[in-house]
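This report concerns only the one structure given below.
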Amino acid sequence: MSLLDDVSIVVTPNGYKAGELYAVVPVPTEGAEEISCGDFECADPDAVWTRGTGWTISGGTANCIGGAGSLNLTQVALEIGKTYTVTYTVSNYSVGTIHPIMGGWTHGTYQSSNGTYTEVISNNHASANTTFYMQGKSGFVGSIDNISVKEYTSADMDVTRATA
């Protein structure tokens with residue numbers, strides 16, 4: 001009995017060796033950029049980003065000076081029910097945490113060091129809105145730059161029936 005006798009769905013293999021089939025797996029895709037001025041170097045970043053208490057935009061970065069509570073930098077850019085790939089860079093970090101939030105409800109990972117971070121987050125909470133947030137917590141002091149939010153489309157396969 002071979003592996004081909006044990007499968008219920010036959011995928012045209014790209015390669016075969018005893019006991020194993022090799023095939024190309026569908027690759028997730030990303031849509032267009034949803035964030036305007038994610039590098040904070042556009043003509044008027046204040047026209048694009050809403051800065052909460054503690055945030056300034058200068059020198060091509062958004063800078064947070066800390067403080068009590070949540071410190072939000074926001075932009076309306078999302079669709080409810082969609083999933084997004086979020087990438088951003090933290091620099092000049094000294095204290096607190098920073099994380100992305102989709103639609104006001106779905107939190108990304110809290111970061112507490114310099115680096116470039118990428119994660120996939122869904123905007124699918126029952127009370128979601130269309131706003132993307134970068135939220136500083138615990139007195140976050142640092143800068144963020146290169147914010148990118150692109151729609152994430154999971155991989156899918158086209159099935160063709162070639163036999164009766």
Candidate set: segment 105-123, residues that are under 16 Å from residue 152 (Cβ atoms), in a strand (DSSP E or B) and of a type outside the set (Phe, Trp, Tyr); chosen: the one least open to solvent (accessible area, probe 1.4 Å): 121
Any pair with Cβ under 6 angstrom, 6 or more apart, that starts in segment 124-147 at a residue that is surrounded by 17 or more Cβ atoms within 10 Å (Cβ to Cβ) and ends at one that is among the β-branched types (Val, Ile, Thr) and not in a strand (DSSP E or B): 128/80; 147/35
Cross-chain or 6+ apart pairs with Cβ under 7 Å, segment 108-120 first and among the acidic types (Asp, Glu), then open to solvent by 40 Å² or more (accessible area, probe 1.4 Å) and part of a loop (DSSP other than H, G, I, E, B): 119/109
Lone unmet requirement of (1) at pLDDT 90 or above; (2) in contact with a strand residue (DSSP E or B) (Cβ under 8 Å, 6 or more places away or on another chain); (3) under 25 Å from residue 151 (Cα atoms) for residue 105: (2)
Only listed residue being exposed (fewer than 12 other Cβ atoms within 10 Å of the Cβ) and modelled with pLDDT under 90, chosen from 20, 30: 20
Among the residues listed as 84, 133, the single one being part of a strand (DSSP E or B) and either within 27 Å of residue 27 (Cα to Cα) or modelled with pLDDT under 90 (or both): 84
Condition met for residue 47 (exposed (fewer than 15 other Cβ atoms within 10 Å of the Cβ) and among the aliphatic types (A, V, I, L, M)): yes
Residues being open to solvent by 40 Å² or more (accessible area, probe 1.4 Å) and in contact with a helix residue (DSSP H, G or I) (Cβ under 9 Å, 6 or more places away or on another chain) - total across segment 70-104: 0
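Run down 59, 67 and say which single residue is at pLDDT below 90, farther than 20 Å from residue 33 by Cβ and either open to solvent by 40 Å² or more (accessible area, probe 1.4 Å) or not hydroxyl-bearing (Ser, Thr, Tyr) (or both).
Working: 59 fails: at pLDDT below 90.
Going through 59, 67 in turn, the sole match is 67.
The values are calculated or read from the model by the stated rules, or taken from the named source; none is laboratory data. Since we're looking at a predicted model, the values are computed, not measured. Reconstructed Cβ throughout: ideal geometry from the backbone, glycine too, with neighbour counts over all protein chains shown. The accessibility values were calculated without ligands, DNA or RNA, using every heavy atom of the protein model including side chains. Shrake-Rupley method; radii C 1.70, N 1.55, O 1.52, S 1.80 Å.
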